[in-house]
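Undergrad: Before I ask anything, here is the structure I am working with.
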Amino acid sequence: MAHCVSPEAEKILDKEFPVLDKGFVRLVDYLGSDQRIVQSARVSYGEGTKTYRQDKGLINYLMRNDHTSPFEQVVFTFHVKAPIFVARQWVRHRTARMNEISGRYSVMKDETYLPPCDMIALQSEDNKQGRMDEPVDRETAEKIRDCLSRNAEDTFRTYHELLDTGLAREIARINLPLSMYTEFYWEIDLHNLFHFLQLRLDHHAQAEIRAYARVMFDMVKAVCPIAAEAFENHRLNGRSFSGDEVEAIRAMCEGRPNPLEGRAREIFLEKLNK
C-alpha cells in the first residue's frame with residue numbers, strides 16, 4: 001500500500017482547536033485516509049484505487065453494510081484538554097489507547113471549567129441524566145457561576161497549602177474538583193471513532209462532550225472526507241428499525257393502522273420524526 005497523505009489534514013496537524021472555555025483538541029498524527037480504506041477493501045481480489053466515483057461508492061457500500069474492518073485501517077491520535085467530568089465520560093469508550101497526565105507526578109494547574117450562562121439549566125423532567133433545553137435566567141446563572149467559581153478557588157487554595165506542607169502530591173490532589181482540566185493523548189481507529197462520534201454527537205449526550213465531538217468530526221472530515229460523508233448519511237442521519245417497526249412501516253404504507261402500542265409506538269414515532 002502507498003503511504004496516504006491528506007493535504008487538508010496536513011493543514012490542521014498539531015494545531016490547537018479551542019473547545020469550551022479553556023480546553024482544546026489537537027490532531028497529533030494520523031495514519032491513512034479514504035485511499036487506505038479502499039486499498040484495504042480491494043486487496044482481497046487484487047484491485048487498487050479506481051475513480052473517485054467508484055471509491056465513493058465502495059466506501060458507502062462498506063458503511064451501509066457494516067463492513068467495518070477497512071475503516072479500522074485508518075488511525076487518529078488526538079491531544080485533548082478537557083474537564084475531568086468530560087474525560088470520565090470519554091474513557092468509557094474502551095476501544096482506544098489513552099495516556100493521561102498524572103496528579104501523582106505533576107502539580108495540577110489551577111484551571112477549571114466554568115459553564116457560560118446559556119449552558120446552565122435545571123434538571124430535565126423527562127431525562128434523568130440531562131438538563132432542560134431552556135437555560136435559567138441570567139441573574140440565576142450568574143449566581144450559580146459565582147458559586148462554582150468560589151468553590152474551585154477554595155479547593156485549589158487548599159491544594160497548594162497542602163503541597164506547601166510537603167504532603168505527597170497523590171494525597172494533596174484528592175479533593176480537586178471534577179471541573180478541573182486534565183490532558184490526555186487518545187489513539188483510536190476510524191471505525192471505533194465513528195462509534196464514539198455517533199454516541200457523543202447525539203442530542204442526548206452532555207453538551208460539553210458534544211462540543212469536543214463536533215471539533216473532532218471536523219478533523220475526520222479533513223482526513224477522510226468520503227468516509228465522513230458516508231458516516232453522516234448512514235449513521236448520524238440514518239435510522240435503524242426493529243422487525244416490529246418494519247412491520248409498522250409496511251402497515252402504514254398499505255393504509256392499515258400502526259400496530260404498535262404504548263412505549264414502543266412512542267419510540268417508533270420519535271425515530272420517524274427525527
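The values are calculated or read from the model by the stated rules, or taken from the named source; none is laboratory data. Only a predicted model underlies this, so the values are computations on that prediction, with no experimental measurement involved. Glycine gets a Cβ as well: all are built from the backbone with ideal geometry, and neighbour counts include every protein chain shown.
Undergrad: Tally the residues that are surrounded by 13 or more Cβ atoms within 10 Å (Cβ to Cβ), of a type in the set (D, E, K, R) and within 14 Å of A207 (Cβ to Cβ), restricting the search to region 86-125.
TA: Qualifying residue count, region 86-125: 0.
Quick grid of which residues meet (1) without any contact (Cβ under 8 Å) to a residue 60 or more places away in the chain; (2) closer than 30 Å to V75 by Cβ:
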position: Q206; (1), (2): no, yes
position: A213; (1), (2): yes, yes
position: F217; (1), (2): yes, yes
position: V223; (1), (2): no, yes
position: A227; (1), (2): no, yes
position: F231; (1), (2): no, yes
position: H234; (1), (2): no, yes
position: A248; (1), (2): yes, no
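Undergrad: Sticking with this structure for a sec: Could you identify the single residue in E125, E142 that is modelled with pLDDT under 95 and not aromatic (F, W, Y)?
TA: E125
Undergrad: Among the residues of region 51-107, write down those that are assigned to a loop (DSSP other than H, G, I, E, B) and touching a residue at least 40 places away in the same chain (Cβ under 8 Å).
TA: Result: T68, V74, H93, T95, A96, I101, G103, R104, Y105, S106, V107.
Undergrad: Follow-up. Take A227 and tell me if it is at pLDDT 85 or above, closer than 23 Å to H67 by Cα and of a type outside the set (F, W, Y).
TA: The answer is yes for A227.
Undergrad: Residue check: is A205 assigned by TED's automatic domain parsing to the domain that holds F71, assigned to a loop (DSSP other than H, G, I, E, B) and within 28 Å of R131 (Cβ to Cβ)?
TA: It is true that A205 is assigned by TED's automatic domain parsing to the domain that holds F71, assigned to a loop (DSSP other than H, G, I, E, B) and within 28 Å of R131 (Cβ to Cβ).
Undergrad: Here is a follow-up. Could you list, in sequence order, the residues of region 134-173 that are under 23 Å from G23 (Cα atoms) and assigned to a loop (DSSP other than H, G, I, E, B)?
TA: Correct list: P135 only.
Undergrad: Of all the residues that make up region 230-269, how many are closer than 29 Å to F71 by Cα and of a type outside the set (D, E)?
TA: Matching residues across region 230-269 total 14.
Undergrad: If F241 passes every condition in (1) closer than 24 Å to Q129 by Cα; (2) touching a residue at least 24 places away in the same chain (Cβ under 8 Å); (3) loosely packed, with under 14 Cβ neighbours inside 10 Å but one, which one does it miss?
TA: Looking at each condition in turn, F241 falls short on (1).
Undergrad: Restricting the search to region 149-196, which residues are touching a Leu at 6+ places or on another chain (Cβ under 7 Å) and aliphatic (A, V, I, L, M)?
TA: Answer for region 149-196, where residues must be touching a Leu at 6+ places or on another chain (Cβ under 7 Å) and aliphatic (A, V, I, L, M): just A172.
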